[in-house]
Amino acid sequence: MTRSSVLELLQSDKILQEVTVNGWVRTFRSNRFIALNDGSTINNIQCVVDFEKTDEAIIKRITTGAAVSIKGTLVESQGKGQNVEIQVSEIQILGDSNPDEFPIQPKKHSLEFLRENAHLRVRTNTFSAVMRVRSALSFAVHKYFQENGFNYVNTPIITGSDAEGAGEMFGVSTFETNKAPVDENGNIDYKQDFFGKETNLTVSGQLEAETFAMALGKVYTFGPTFRAENSNTTRHLAEFWMIEPEVAFMDLDGNMDLAEDFIKSVLAYVLENCKDDLAFLDQRLTDEEKVKPQAERSEMTLLEKLRFITENNFKRVSYTEAIDILRNSKPNKKKKFQFPINEWGADLQSEHERFLVEKHFKCPVILFDYPATIKAFYMRLNEDGKTVRAMDVLFPGIGEIVGGSQREERLDVLKEKMAALDIDEKELWWYLDLRKYGTAVHSGFGLGFERLVQFATGMGNIRDVIPFPRSPQNAEF
Ligand code: ATP
Ligand code: MN
């Protein structure tokens, strides 16, 4: 007899048939009712044990966390809460779990406690739901791009260019700590290192993706990126996954259209395909919000927020307009912002982004045309000479979810920008080559996958949407 998954059984019409299912015991009530889960769905299947016919020694071993194999008859359930259940005819203990030691007890655990037990937390309803949604979202990402003519490109994880400019980097070296050779100036002599030069873990695949866009037209990356930034926030990880589309012959307007369409499409996919998990996460968030003070509570439930995104247009606002709004805003006048907004040119902090999205516009916002001084060297300079064709997509509860731009395609302008910022042309000779041979308007953006998963699942901390989070002082597992 072939083995079924719990999902198959709960959806099946195999009533009165013999079935086999393997899984882990979530709870065992009254020496009779096993709630069995195998990860195929958030829902458990109830397995009813006839304790008069079952060896007492076996009954004792049916404990929370144990792995079991069950044979029995699928029947319509008499009890509440499920349509079908299994009348067990044979139960085999595959792996015992000591109930006094197993950390995941059938009760509510704090997210902090579960983070310390990240190897087991996926056995809880919350984390299994989050991880199934994460998996579905990553499929949706590939589906969207593959159906829209994009090629998937794997940009390097070890990078030899230190001009990516998106943040602090982790070094990659085979030198032994404290034994690295030094040159005559006392600096570490990377010529003797594995790659013969200083190398780091990538903070973005963009520059390499641009080279592919200038040949394949439409490309995207979806891979790990690393930032050694010491920011202990609920939105930053030291290792995270980034999605970076890059498209030739597309300007900033096209870039905004792409970002909006992409986000709507992947969220619509999970709304359609993760109904049970999202219903659970929706309820979880609602319960969590209940204990918050009224003023901090969200006006929408998780499902409402997701539908709101898929059904409404993102508001497009220039940086200059946004600064006007912020400067005249109540929190600014009442000195409630930690970083007050005084003049044009100020970098926007998360508090400002969230004010615009959550209080002022009450919808996702795309800010564009930022001051050149606060954005990266590769962004295309506008005719005004002081703003660049940058865009950030800002989301409620998250702040920045996408950062992108139209790229500077003019060789002379790019060289000037690099010189002004002291970026060595020799470092980026290959990047400049793109502007020498068949240069063209092109654009792209970076979207932090975990921030998207955070939004889709309603989880407050980014460390709870990646299997094994890496953050300052934390690389267990
Ligand atoms: P932030 O201002 O939030 O730190 P950033 O300006 O450094 O973001 P970019 O360099 O534009 O971000 O990176 C593109 C996207 O990658 C961001 O919009 C965000 O979704 C994501 N991202 C950036 N840094 C992190 C991080 N440390 N952990 C998780 N996601 C990140
Ligand atoms: Mn950052």
Along the charge dipole of region 174-258, pointing to its positive end and built from +1/-1 on Cβ of Lys, Arg, Asp and Glu, which listed residue (243, 221, 175) has its Cα farthest out?
175
State the number of lysine pairs found in region 306-418 whose Cα atoms come within less than 19 Å, restricting to pairs 8 or more positions apart or on distinct chains.
13
Any idea what the dipole of region 3-102 comes to, in debye rounded to 20, about its Cα centre with Lys/Arg Cβ at +1 and Asp/Glu Cβ at -1?
160
The chain, relative contact order [Cα under 8 Å, separation at least 6], %
14
Sort region 189-262 into rounded, prolate or oblate with this rule: let a ≥ b ≥ c be the square roots of the eigenvalues of the Cα gyration tensor; rounded if a/c is under 1.5, and if a/c is not under 1.5, prolate when a/b is larger than b/c, oblate otherwise.
oblate
With every protein chain in place, region 3-102: carbon and sulfur % of accessible area (1.4 Å):
43
Roll a 1.4 Å probe over the protein chains and send me the accessible area per residue for the chain in Å².
50
In whole percent, and with a 1.4 Å probe on the protein chains, what portion of the accessible area of region 326-477 is carbon and sulfur?
50
As a check on your grasp of the helix formula, calculate [θ] at 222 nm for the chain: sum -39500 (n - 2.57) over DSSP H runs of n ≥ 4, divide by the residue count, round to the nearest 500.
-9000 deg cm²/dmol
Only loop residues by DSSP count here, and only those with at most 10 other Cβ atoms within 10 Å; note down the trypsin sites (Lys or Arg not before Pro) in region 1-103 that meet that.
53, 80
Estimated dipole of the chain in Debye, rounded to 20 [Cβ of Lys and Arg +1, of Asp and Glu -1, Cα centre]
1480
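The values are calculated or read from the model by the stated rules, or taken from the named source; none is laboratory data. Quick caveat, the model's predicted, so the values are computed rather than measured. All Cβ positions, glycine included, derive from the backbone under ideal geometry; neighbour counts span all protein chains shown. Accessible surface areas use protein heavy atoms only, side chains included; no ligands, DNA or RNA. Shrake-Rupley method; radii C 1.70, N 1.55, O 1.52, S 1.80 Å.
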